[in-house]
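Enquirer: Pasting a structure here, questions to come.
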Amino acid sequence: MSILSQVQTVLERTPPGIVVVPSLAGVWGRPHTGRPPLEVQMAALQAAFPFVDSVSHFAYAWQEPELERERRTCSGH
C-alpha cells in the first residue's frame, strides 16, 4: 500500500477538524527499502493533498546506525 493510499484512507476516516500529519520514512536523494526518495514522497503527497501542510519524518538512526554515521560525517553517497 502506497503512502498516498494510506493517507487517503486516514483522511476518509478522520472526523472533521482533526489535523492529519503523515509520517514518512525514507532517505533524501535515494530510494531506501523499497520506498522512493523522501523528496519524491513529499512531492507526491503535496500534489495529492495540498491541504496537508506538515509531515513527520521517521529517522532510521536506531535501525540502521551505519546510515546515521554516514549522515553525521557526510561520508555517504
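The values are calculated or read from the model by the stated rules, or taken from the named source; none is laboratory data. All figures in this text were calculated on a predicted structure; none of them were measured in a lab. Using ideal geometry, Cβ is built from the backbone for each residue, glycine included, and neighbour counts are taken over all protein chains shown. SASA here: full protein model, heavy atoms, side chains in, ligands and nucleic acids out. Shrake-Rupley method; radii C 1.70, N 1.55, O 1.52, S 1.80 Å.
Enquirer: Under 7 Å between Cβ atoms, which residue pairs at least 6 apart in sequence (or on different chains) link something in the stretch 13-33 that is more than 17 Å from M1 (Cα to Cα) and open to solvent by 60 Å² or more (accessible area, probe 1.4 Å) with a partner that is of a type in the set (V, I, T) and in a loop (DSSP other than H, G, I, E, B)?
Expert: Within 7 Å, the pairs are V21/V55.
Enquirer: Let me ask something else about it. Any chance you could count how many residues in the stretch 8-28 are over 12 Å from F49 (Cβ atoms) and either hydrophobic (A, V, I, L, M, F, W, C) or modelled with pLDDT under 90 (or both)?
Expert: 7
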